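Following: one structure in structure tokens, then a few remarks.
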């Protein structure tokens, strides 16, 4: 195996560990840890729209999911290196989101794919862009209003 192949395998492993931490940080509400995994110019396309910049994304997620119970699972990464320090990755995903609404809850179970861009920085690989493309969503309870 060549040095380049070994480096690519090491890069894939580091990207996988980064995504695992990303999911854990969301599920445990570690917003500082989450912010450390993405670039300053992070771009996120979510169910609720487009969010630009690390601080804006962290603020949005901490407000939207701060009181929610979440479980994120990702697997089967399809990694394509577009340059020595850049990669595009598609992750199969499943998530569970339970948002308390007083005495009831809104529950969402989603299935689909994350489409993401990663860049190697001086601090290692970081996520630069994420877009969630759902294939299926199952819900229980009434959807929360903007005021909740």
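The values are calculated or read from the model by the stated rules, or taken from the named source; none is laboratory data. As the structure is a computational prediction, the values presented were derived from the model and not from experiment. All Cβ positions, glycine included, derive from the backbone under ideal geometry; neighbour counts span all protein chains shown.
Among the residues of this structure, residue 109 does not count as one that is within 21 Å of residue 133 (Cα to Cα) and free of Cβ contacts under 8 Å to residues at least 12 places away in the same chain. For segment 22-55, the set of residues classified as part of a helix (DSSP H, G or I) and either at pLDDT below 95 or surrounded by 15 or more Cβ atoms within 10 Å (Cβ to Cβ) (or both) consists of 22, 23, 25, 26, 27, 31, 34, 35, 54, listed by residue number. Screening residue 5 with (1) in contact with a helix residue (DSSP H, G or I) (Cβ under 9 Å, 6 or more places away or on another chain); (2) without any contact (Cβ under 8 Å) to a residue 24 or more places away in the chain gives one miss only, at (1). Of the residues making up segment 83-119, those that are more than 21 Å from residue 25 (Cβ to Cβ), surrounded by fewer than 15 Cβ atoms within 10 Å (Cβ to Cβ) and in contact with a strand residue (DSSP E or B) (Cβ under 6 Å, 6 or more places away or on another chain) are 85, 86, 88, 111. Residues in segment 51-72 that are closer than 15 Å to residue 130 by Cα and in contact (Cβ under 8 Å) with a residue 24 or more places away in the chain were compared, and the one that is nearest to the chain's Cα centre (by Cα) is 72.
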